[in-house]
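Below is one structure, written out as structure tokens, with a few remarks after it.
Since every read-out is calculated from the coordinates, none of them should be taken as a lab result. Nothing here was measured: the structure is a model prediction, and the numbers come from that model.
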Amino acid sequence: MDVSINGPKILFTLPVLGGINITESVVHGWLVIAIIVGACLWLTKDLSVHNPSRRQVAAEKLVMMVQGLVEGNMGKQWMHFVPYIGTLFVFSFVSSVLSVTGLRSPTADFSVTLAMALVTFVLIEYYYFKNKGFLGFFKRLTEPIFVMTPMNLVSEVATPLSLALRHFGNIASGAIITTLVYGALTALSRFVLGWIPNTFIANIPIMQIGLPAVMSIYFDLFSSGIQAYIFVMLTMANIAGTAD
């Protein structure tokens, strides 16, 4: 069984600053952005107050769901986070689901999930500073007693790392497991049909019918939705916690 599990491939190199490698994660990330922008333009086309189309009703329903999610977990004072939380969830979900098409998910690259987590981390630190002031921002690192300061600093650094690693680990592991199963089923097909001499039938991976589809429903759809939901829930909890 010949199975290769590698990181994102370098698709091309920009001849600037000594050469900037553009990987699958970057290109597929652009594709995800294009899909999201296209969907937003389609859903918000020909908006009407009196005779809304089904498309508009669906768009309004999605917005209301995100509003309810933010209000229920962060409170009304954080409603200005609705666009950010909605964008974060959609980008995460579409990126992960992209694997259904056979393309590599951007969220299967640690650099992508880390970038998402760092944006959230900057917001957390900003609102800590805004809500607690200059002295309160640093005082929280010494609570409950001063000797806990090193541990509190480690906890601060661990916040974006845990967000990034959790999301990356689940999506990447799903891709690896699916690849291994595909490889194993291909080898099994060759073993079962190997007795047929010199025909193309012996090379047909018939064992891949059925099981991969079921696995795709879990890893590409269900797991993608769960990981996106967990990521935004942790984001909301951490940001809202800056007001305590």
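P(r) of the stretch 69-148 in 10 Å steps, Cα pairs, percent per bin?
15, 31, 29, 18, 5, 0
Report the rotationally averaged projected area of the stretch 1-84 based on its alpha-carbon convex hull, in square nanometres. Mind dumping the intermediate values first?
Working: hull surface 45.6 nm².
Quarter of the Cα hull surface area: 11.4 nm².
By what distance, in whole Å, do the Cα atoms of the stretch 24-177 stretch along each of the three principal axes, largest value first?
In descending order, the Cα extents are 61, 44, 21 Å.
Please list, in order along the stretch 160-173, the HN-Hα scalar couplings obtained from phi with the Karplus expression 6.51 cos²θ - 1.76 cosθ + 1.60 (θ = phi - 60°), rounded to whole Hz, x for Gly and Pro.
These are the phi-based 3J(HN,Hα) values: x, 5, 5, 4, 5, 5, 4, 5, 4, x, 5, 6, 5, 5 Hz.
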